[in-house]
1. Quick one: ranking TYR215, TYR31 by accessible area, 1.4 Å probe, largest first, what do you get?
2. Quick one: which residues, 5 or more positions from GLU157 or on another chain, have an amide H under 5 Å from its amide H? H modelled 1.01 Å from N in the peptide plane, none for Pro or chain starts.
3. Given a 1.4 Å probe and the protein chains all in place, what does the accessible area of SER172 round to, in Å² to the nearest 10?
4. For labels at VAL104 and GLN39 in the simple 7 Å Cα→Cβ model, what's the distance in nm?
5. Using alpha carbons only, how many angstrom separate the centre of the range 161-213 from the centre of the range 53-129?
6. Could you please report the charge total around LYS174, scoring K, R as +1 and D, E as -1 over all other residues with beta-carbon less than 10 angstrom from its beta-carbon?
7. How compact is the range 135-195 by the rule of thumb for globular proteins, expressed as Cα Rg over 2.2 N^0.38 Å?
8. Gain in length, THR57 to TRP189, computed as 0.36 nm per residue apart minus the alpha-carbon separation, to one decimal in nm?
Amino acid sequence: QQSRKPRPWWWRSAKMGTLEKLSRTFTPRKYKRIRKLSQTLEAERRSLSILRRPIKTLYYFNLMLWKLIISGVRNTYHRKAVRRSVLLCLAIYAGLKATDRADVVESSLSFISWWVGLGILSSIGLGTGMHSGLLFLWPHVFRVVTTVEKCGHTDFESYSDVWGTRGDHAFSCKLDVTPKGEVGALGLWKKVGLECFLWGLGTAIGEIPPYALCYSARTAGKKNEDFEEAFSSEGGGDKGALSGYMGSWLDWMLRLVEKHGLAAVVLLSAWPNAAFDMCGMACGHFLMPFWTFFVGLVIGKACIKVHLQCAVFLVLFRESSRSAILSYLRRSLAVQVPLLGGERNLGDFL
């Protein structure tokens, strides 16, 4: 018989605890029936796939989504504090609308929802999110930097660059403001710091689903197959070395989260960590309190990582940096291309 490697330490403790609770609660015959039913349901769940059974999979997905929406609305409605807060906000908005002062509130909500929503789209989906930073945030920062260099000051409107539209006076220099010379890095950061923070806050919110998935599975005493597959260090064949390295690295991350908690979440989220979804799953598996996990995310992603990225892009987008990069490309890509004609090379064309 082929020797089988032992399961990771966290899997054995969770699995044995669930089995011991069931065996103590029910009689042996009832326990066998429950275990057989559980195996049957698990096999049926494995057969559900969007490729093999798309109609049934989409049916159960929509059914579960509708149940979650109904339960969320019902639980929210039964809380008096939430009802009173909603009624108070509606009353304030109606009063502002009646006095023609609601434009500021509407523009602020539009601004916040745009950048927070883009951050959520960037990190949600277990690595399949949209790269909204490259598509929206950093182009916005580039437009701000070029406008500052053209105007010589930061006293211009840039907050209406949301939802694919811009105001009439967006990124336009004011004639009544005298240029103050070269604007430093701190002045540029103050101009785009709010957008970066809101985008980072959205990325922190987008990391909640993996945490919630493993947290709910652990509290219900269920086996989380996604968590086991992600953190299983078993490997064989040609992939043994790579699987062993990844397994040891993920196991180190698991132990770090279990031992240090909030500090580990801040450390692992404060840099572009492609495997941070696994950290969220580990926090949920170890039943870390939600606010501990979320505060660590906000500190790491919205207060540290995004501003470090912003500092790098602010340096790259300066005119001196752009000129240096373009001259380097022109020198390094001095290759004649017949299709361009004449004596033009690839560097000049780019």
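1. TYR215, TYR31
2. PHE171, SER172
3. 50
4. 6.8
5. 23
6. Overall, the nearby charge balance is -3.
7. Here the answer is 1.07, to two decimals.
8. So the extension gain works out to 42.8 nm.
The values are calculated or read from the model by the stated rules, or taken from the named source; none is laboratory data. Everything numeric in this text was worked out from a predicted model, so none of it was measured. Cβ sites come from the backbone with ideal geometry, for glycine too, and all protein chains shown count toward neighbours. To get the accessible areas, we keep the full protein, side chains included, count just its heavy atoms, and leave off ligands, DNA and RNA. Shrake-Rupley method; radii C 1.70, N 1.55, O 1.52, S 1.80 Å.
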